[in-house]
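Enquirer: Submitted below is the structure of interest, expressed as structure tokens.
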Amino acid sequence: MTGYIIKRLIAMVVTLWFIITLTFFLMHSIPGSPFNEERNTSEAVQRNMEKFYHLDEPLYVQYGMYLKSVATFDFGPSIKKSSQTVNEMLGRGFPVSFELGIVTLIVAVFSGIALGIIAALRHNGFIDYLAMTIAVLGISVPNFVLATLLIQQLAVNLAILPVATWSSPKHMILPTLALATGPMAIIARLTRSSMLEVLTQDYIKTAKAKGLSPVKIVFKHALRNALLPVVTVLGSLAASILTGTFVIEKIFAIPGMGKYFVESINTRDYPVIMGTTVFYSSILIIMLFLVDIAYGVLDPRIKLHKKEAS
Amino acid sequence: MELRKQHDNRNLAPDIPDEWFVPKAKDEDAAEAVVRPSLSYWQDAWRRLLKNKLAMAGLFFLIALAFMAIFGPMISPHDVSQQSLANQNLPPSSKYWFGTDELGRDVFARTWYGARISLFVGIVAAMIDFAIGVIYGGIAGYKGGRTDNAMMRVVEILYGLPYLLVVILISVVMGPGLFTIIFALSVTGWVGMARIVRGQVLQIKNYEFVLASKTFGTKTSRIIKKNLLPNTMGPIIVQMTLTVPSAIFAEAFLSFLGLGIQPPFASWGSMANDGLSTILSGHWWRLFFPAFFISLTMFSFNVLGDGLQDALDPKLRR
């Protein structure tokens with residue numbers, strides 16, 4: 001297990017390095033400089049500005065400086081908003097995005113599992129079909145469409161919930177709902193199919209024969225095994241929720257990290273693009289790593305180091 | 001007299017003389033007759049798919065969507081990019097079936113024009129994933145050992161990359177457009193396919209029929225073509241039916257961030273993005289039609305993919 005974790009840690013660092021390098025060289029291969037728009041600056045001023053951001057150095061020097069700054073978690077100042085550093089932006093935006101992401105993940109996981117269990121227990125019954133219809137619709141409708149529909153119906157027509165921004169628990173309902181529906185649907189489908197498989201196994205029959213209550217059978221015996229496939233997709237679900245926050249934050253005008261990311265893309269603010277990308281990627285890669293470890297802990301049959309070797 | 005002895009042992013009929021036992025005349029034809037109609041793997045899968053109503057509905061919608069994508073812009077009396085300032089933001093009517101947008105363009109024509117782009121993106125991305133993934137995964141799985149290890153390291157790193165972030169980065173660098181979207185989606189998209197193919201090949205190459213082929217001295221290329229690939233087709237097809245909607249989704253997502261198809265061209269994603277800003281002024285049709293058809297396409301591909309997964313799984317054969 002320790003050997004496996006070390007191996008995975010190394011792979012994680014390599015992946016991160018790959019992303020940092022990719023981001024760096026991609027950003028610097030964009031034609032044009034971030035100062036192009038300010039046409040009325042004189043050449044001397046422009047050169048001074050480039051000097052300040054080290055844009056006049058050769059690429060490998062910039063790359064070296066960039067690696068160093070990433071290693072010390074200092075992404076430097078923003079080019080477009082000169083009074084702010086990337087760290088400040090992340091510090092301000094991340095707690096909001098994190099809150100949205102975590103609430104969404106919790107809602108999606110619990111409601112998805114609940115829906116999946118109910119559907120599996122009422123297999124081929126009305127509730128099963130209803131739950132799976134909801135699930136397929138949840139996968140099919142893009143979250144920005146759902147968000148708009150929710151705003152239009154609940155916030156504008158019925159006026160029971162606020163339209164946008166992020167200040168009270170009431171404000172959190174619509175963005176969370178819009179963002180959680182897709183992941184919830186995926187979890188519900190997975191839980192249902194693995195639950196159906198587990199329920200036919202002999203040890204469940206044994207449990208029934210022993211006279212255990214249905215609640216105990218489902219939650220103590222079946223669910224633990226049925227949830228393994230759900231754990232495997234948690235990593236990629238977290239990824240989709242994270243990227244989903246760009247869109248949802250834009251629609252609901254939530255002052256999170258996604259806002260800075262999208263803005264920085266449009267204004268070619270290199271330090272901000274690189275900082276947010278590296279930050280997002282690190283979170284994702286760490287999530288994937290934790291999910292892998294959790295998987296090994298949950299399922300004692302899986303010998304992680306063997307899986308690695310095969 | 002094997003039978004007799006058995007009887008003796010069990011003391012069931014001790015007094016029956018041996019002469020009473022007459023061997024039944026062998027009827028070779030009857031013994032060899034095939035009672036169940038002989039079906040190839042694909043015929044059987046198709047038969048099972050036909051029984052799955054939801055999957056057939058998905059297939060029907062997809063054919064209908066493809067038909068409209070080809071002929072829709074021709075059916076419409078209005079041109080895709082023909083602007084008419086007198087007819088801005090009209091609701092659906094007998095003249096403009098899906099209404100018009102803020103430049104007076106016909107939403108019906110644009111919806112089907114957008115269908116072309118969205119379906120094109122999805123299908124081309126799936127085909128590129130297929131080509132790269134099958135070759136890469138096939139080689140890794142067939143060679144095995146050190147080659148496999150090295151090749152899978154690369155896949156592992158790419159698999160850990162946040163897919164949409166990379167797509168966004170590439171779109172920023174290359175500038176928005178159709179080619180960029182397809183390229184960006186293909187860069188990381190093939191990894192999933194490669195993993196599936198490699199896993200399948202790894203398993204199948206040790207089966208007896210492959211060993212038999214090898215014993216006969218069949219060439220490697222022929223083994224891959226005739227033995228390995230046909231047997232991995234099931235999971236590959238399922239994966240492709242899931243790649244198409246995720247590519248369409250990604251395109252819509254990019255268009256929504258302003259990195260997708262640029263005007264005057266339209267895709268469902270960019271139309272929905274344009275429509276979003278006007279929804280609060282009551283122009284619901286501008287969001288509704290593209291969003292509805294994105295959802296219908298996603299739905300169809302998903303249920304068809306599920307149906308195919310069941311139909312192509314030999315274990316579920318009844």
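Enquirer: Kindly provide the set of residues from segment A:235-260 that are in contact with a Gly (Cβ under 6 Å, 6 or more places away or on another chain) and not in a helix (DSSP H, G or I), ordered by number.
Expert: Passing the criteria: only A:256.
Enquirer: Something else about it: Of all residues in segment A:237-270 being free of Cβ contacts under 8 Å to residues at least 60 places away in the same chain and within 12 Å of the chain's Cα centre (by Cα), which is surrounded by the most Cβ atoms within 10 Å (Cβ to Cβ)?
Expert: In this case the residue turns out to be A:246.
Enquirer: A follow-up question, please. Taking helices (runs of 4 or more DSSP H) that fall entirely within segment A:1-114, which contain at least 3 residues that are modelled with pLDDT of 75 or more and not β-branched (Val, Ile, Thr)?
Expert: By residue number, A:2-28, A:59-71.
Enquirer: Select from segment B:120-135 the residues that are more than 13 Å from residue B:236 (Cβ to Cβ) and surrounded by 21 or more Cβ atoms within 10 Å (Cβ to Cβ) and write down the one among them that is modelled with the highest pLDDT.
Expert: That would be B:125.
Enquirer: Then there is this: When you go through B:168, B:181 one by one, which is the residue that is more than 30 Å from residue B:44 (Cα to Cα), in a helix (DSSP H, G or I), more than 14 Å from chain A (Cβ to nearest Cβ) and aliphatic (A, V, I, L, M)?
Expert: Testing whether each residue is more than 30 Å from residue B:44 (Cα to Cα), in a helix (DSSP H, G or I), more than 14 Å from chain A (Cβ to nearest Cβ) and aliphatic (A, V, I, L, M) leaves just B:181.
Residues checked against (1) part of a helix (DSSP H, G or I); (2) among the small types (Gly, Ala, Ser); (3) farther than 25 Å from residue A:286 by Cα:
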| site | (1), (2), (3) |
| --- | --- |
| B:127 | yes, no, yes |
| B:131 | yes, yes, yes |
| B:134 | yes, no, yes |
| B:138 | yes, yes, yes |
| B:142 | yes, no, yes |
| B:190 | yes, no, no |
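Enquirer: What number of residues within segment A:123-163 satisfy the criterion of being within 11 Å of chain B (Cβ to nearest Cβ), among the small types (Gly, Ala, Ser) and touching a residue at least 12 places away in the same chain (Cβ under 8 Å)?
Expert: Within segment A:123-163, residues that are within 11 Å of chain B (Cβ to nearest Cβ), among the small types (Gly, Ala, Ser) and touching a residue at least 12 places away in the same chain (Cβ under 8 Å) number 4.
Enquirer: Considering only residues that are surrounded by 12 or more Cβ atoms within 10 Å (Cβ to Cβ) and more than 15 Å from residue B:303 (Cβ to Cβ), which ones fall in segment B:32-55?
Expert: The answer is B:39, B:41, B:42, B:44, B:45, B:46, B:47.
Enquirer: Then there's this: Being under 19 Å from residue B:308 (Cβ atoms) and among the β-branched types (Val, Ile, Thr) is the filter; apply it to segment B:205-243 and report the residue that is surrounded by the fewest Cβ atoms within 10 Å (Cβ to Cβ).
Expert: B:237
Enquirer: Right, here's the next one. Please state which one of A:154, A:196 is among the aliphatic types (A, V, I, L, M), in a helix (DSSP H, G or I) and more than 25 Å from residue A:228 (Cβ to Cβ).
Expert: A:154
Enquirer: Just to be sure, is residue B:139 within 13 Å of chain A (Cβ to nearest Cβ) and without any contact (Cβ under 8 Å) to a residue 24 or more places away in the chain?
Expert: Here the answer is no, as residue B:139 does not meet what is asked.
Enquirer: Next question, about the same structure. Of all helices (runs of 4 or more DSSP H) completely enclosed by segment B:203-318, which ones contain at least 1 residues that are over 30 Å from residue B:143 (Cβ atoms), within 11 Å of chain A (Cβ to nearest Cβ) and under 22 Å from the mean Cα position of the chain (by Cα)?
Expert: Per the criteria, B:229-256, B:268-278, B:284-311.
The values are calculated or read from the model by the stated rules, or taken from the named source; none is laboratory data. Not measured: the values here are computed from a predicted model. Cβ coordinates were reconstructed from backbone atoms using ideal geometry, including for glycine residues, and neighbour counts include every protein chain displayed.
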